[in-house]
1. Any residue at all in the range 127-149 that's touching a helix residue (DSSP H, G or I) at 6+ places or on another chain (Cβ under 6 Å), under 28 Å from residue 175 (Cα atoms) and outside the structural domain of residue 26 (by TED's automatic domain parsing)?
2. Considering (1) surrounded by 21 or more Cβ atoms within 10 Å (Cβ to Cβ); (2) in contact with a strand residue (DSSP E or B) (Cβ under 9 Å, 6 or more places away or on another chain), say which one residue 66 fails and leave the rest.
3. Can you tell me which condition residue 208 does not meet? The list is (1) surrounded by 17 or more Cβ atoms within 10 Å (Cβ to Cβ); (2) in contact with a helix residue (DSSP H, G or I) (Cβ under 6 Å, 6 or more places away or on another chain), and all the others hold.
């Protein structure tokens with residue numbers, strides 16, 4: 001099934017998005033995680049969105065600062081990301097949709113569902129970044145890394161080819177989209193990563209929620225927090241799979257089936 005690629009001007013940024021599936025089917029909006037790439041590799045989401053396309057018309061935005069989309073001009077939080085996604089959907093004249101978010105995209109999806117509940121038919125969260133995120137070893141190392149990363153990108157000693165490799169790995173940006181004229185734009189992304197914090201009362205979400213989590217994810221999006229959120233939500237289901245944070249890549253078909261069986 002062929003995945004088509006497009007772009008639109010959203011919030012004064014060039015924002016890419018991809019689609020797959022028949023427009024006769026219900027629309028599913030998929031929001032990727034931090035570091036997601038194009039393709040079906042380990043960090044790619046093509047395999048999953050193709051599975052979704054069996055029963056949905058899938059729209060997969062490339063969030064600003066990631067993959068091919070322009071980087072925001074100032075520090076964004078989850079609210080700004082959610083509003084940008086909503087503006088994209090509005091430009092595409094999509095009235096309502098099923099919403100799936102993975103990891104970082106799960107946090108964006110949560111805020112999107114909070115701000116625009118009348119558009120979200122159901123919210124599916126796959127190992128989502130949450131509010132009150134436990135300060136795990138990973139979170140502490142990630143904080144330190146985001147202090148170091150800008151120094152590497154700004155350095156006149158580090159070769160440009162190494163900077164391209166780093167940016168490509170960290171943000172999923174294809175190497176031919178990284179140029180000397182825009183490489184410094186990615187410095188802002190470390191500040192976004194440092195300052196992003198989700199603040200939300202899950203009990204007040206007005207859309208039904210399905211949580212899909214890896215039981216071995218104890219660092220990036222700890223499953224213990226997901227279990228707490230499940231109890232806070234008024235209308236929810238929780239599915240646990242034998243995986244770590246990369247549950248989306250290990251259990252692609254199983255996740256698609258969970259979505260299909262819960263629409």
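1. The answer is yes, given that some residue of the range 127-149 is touching a helix residue (DSSP H, G or I) at 6+ places or on another chain (Cβ under 6 Å), under 28 Å from residue 175 (Cα atoms) and outside the structural domain of residue 26 (by TED's automatic domain parsing).
2. (2) is the only condition that residue 66 fails.
3. Among (1) surrounded by 17 or more Cβ atoms within 10 Å (Cβ to Cβ); (2) in contact with a helix residue (DSSP H, G or I) (Cβ under 6 Å, 6 or more places away or on another chain), residue 208 violates only (2).
The values are calculated or read from the model by the stated rules, or taken from the named source; none is laboratory data. Small disclaimer: the values here were computed from a predicted structure and weren't measured. All Cβ positions, even for glycine, are placed from backbone atoms using ideal geometry, and neighbour counts span all protein chains on display.
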